1. For the list (1) touching a strand residue (DSSP E or B) at 6+ places or on another chain (Cβ under 7 Å); (2) buried (at least 16 other Cβ atoms within 10 Å of the Cβ), I need the number of the one condition that residue 612 fails.
2. Quick check on the range 526-554: of everything there that is at pLDDT below 95 and buried (at least 16 other Cβ atoms within 10 Å of the Cβ), which residue is farthest from the chain's Cα centre (by Cα)?
3. Name the residues in the range 69-109 that are in contact with a strand residue (DSSP E or B) (Cβ under 6 Å, 6 or more places away or on another chain) and more than 25 Å from residue 388 (Cα to Cα), would you?
4. Return a yes/no flag: does the range 30-53 have any residue that is more than 19 Å from residue 327 (Cα to Cα), free of Cβ contacts under 8 Å to residues at least 60 places away in the same chain and either surrounded by 16 or more Cβ atoms within 10 Å (Cβ to Cβ) or not assigned by TED's automatic domain parsing to the domain that holds residue 164 (or both).
5. Go through the range 346-369 and report how many residues are assigned to a helix (DSSP H, G or I) and either over 25 Å from the mean Cα position of the chain (by Cα) or touching a residue at least 40 places away in the same chain (Cβ under 8 Å) (or both).
6. Please verify whether the range 575-583 includes one or more residues that are assigned by TED's automatic domain parsing to the domain that holds residue 637, crowded, with 23+ Cβ neighbours inside 10 Å and either on the phi > 0 side of the Ramachandran plot or modelled with pLDDT of 95 or more (or both).
7. If I ask for residues that are touching a helix residue (DSSP H, G or I) at 6+ places or on another chain (Cβ under 6 Å), modelled with pLDDT of 95 or more and farther than 20 Å from residue 581 by Cα, which ones from the range 600-629 would you list?
8. Looking only at the range 61-112, which residues are in a loop (DSSP other than H, G, I, E, B), modelled with pLDDT under 95 and within 14 Å of residue 396 (Cβ to Cβ)?
């Protein structure tokens, strides 16, 4: 590896300032503006390739196919081991480089396939009801700073290397800790200086001054009356003047639109004015579409071209420091082989981190560990839910070991009963794993078009072996290369029925969808409307028969949501569950929450939940009642609580012998 020496605390970016300034002088205004877009097009005449600023790696390379998936961030924080976390993100950056170089070799780098990763999330988990708290390292500023530094060092590579391995991004600056439903309009005001400087800013300061993080992302909400992405106090006075930040500022996705969209911040009249405000304050790259207006803002005299030059130079410095622009650059990271992706050594590290993330909350009478010879009854929806283990902002593992799978690998006598659902006393068993497509490959085939009519060649494809839950919340696309709005999708597969039963086809979406079974239209919501539409169809499925199911979806404008599942429903049989428990030596109840209930701007409407956040921190009533009922069997009960946020378990401390937070 080439070695480059820098002064202590000096950013690698400074080494490329001269080259960046020289390139900037050769650019037209239109070309300069294009470099400040998150989906930055190529400038062939200067040999500047296209670049994708928006990529995710919260706990593994995300939204970019198969990758090693590590435990959710809040779980890794529970390990209290920043050295282990740096190992994890060194692995993540290995896989990220390998994937990015392959995409570049194939000739087209799409969203989520680049080298700029918008992680770590170093916001403070102040309110346990916040749905995105699972993405953070907890409520302690010191721990958050230590863990954040480990992430940055693992992603960006050694200080002595000439080139960055990838770019890390500290987000969301600043004082961003929910609630999700208000983030586009609320103002954080009257925050005490002590709380600001001792709680919300220390981790950011640490990553800037000690970690030389390459990027900082400004948050959605206002702070002291000004949107964070247009806030000179945050972006200039604190970040650059006091902390000497040399990197670039990126906006959260759609944050600059919040400046002018009616009902939100109301500080600008249109995209031109909003872009000028954000640029002048110090937001260099926008995730969104407003910066297309920057050229108009300069011509109108509301923004100086020198402001744009300042941001362009920062952008070019970062890309030069990656070795992205100079084709002759000898960048050792480019030689990382693709074979490292999801390799056995990486999966073993993920398992080690999973072990370290577990927290034993209670263990009366030394109930744990259970004997491998015990008869164990495993109960609960989360015991068999593989997607729950993936958390959010996730990659796709090549294989998932569910909680039930893991117990069965170790114990000799294991029986499973679904018991209750996470929220209700009704059990739904998905049949999505019985779909196949093509030449018999498992799953439903999804195809996406960047038009509303499925015209031309699909821009992206995916395969789903589990329930489909997609939305564009947080400006998240359905698949790499797919528009946020004005697109269409087709999901198709053959359902191979194993036993005769009634199956419920469940669909919901915003905007339009329709479903056909064996060519017959059974659900038709083929009319655009504001808000979510829901529909169900009961299929009388016969064992041994195949059912050709096609679902079509169109997104017209605004929000995009699509949910699809085929389930078998059955009531929760309490008496049968208690009888089974009496026959066992121990009961393991696997409950808690799932990423389908807590997260970013979610469409969840159930008592105790609101838009991705929670209104109550208590364990859902259905689970609480099931655990209480199981206690009547007078057998040891071990509760495994799977959640990304705190759950109140006071009654469970009495009804359970052991409680494990997983």
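1. Of (1) touching a strand residue (DSSP E or B) at 6+ places or on another chain (Cβ under 7 Å); (2) buried (at least 16 other Cβ atoms within 10 Å of the Cβ), only one is false for residue 612: (1).
2. This residue is 535.
3. 109
4. yes
5. 12
6. yes
7. 613
8. 63, 64, 65, 112
The values are calculated or read from the model by the stated rules, or taken from the named source; none is laboratory data. Quick caveat: nothing in here was measured; it's all calculated off a predicted structure. Backbone-built Cβ (ideal geometry, glycine too); neighbour counts: all protein chains shown.
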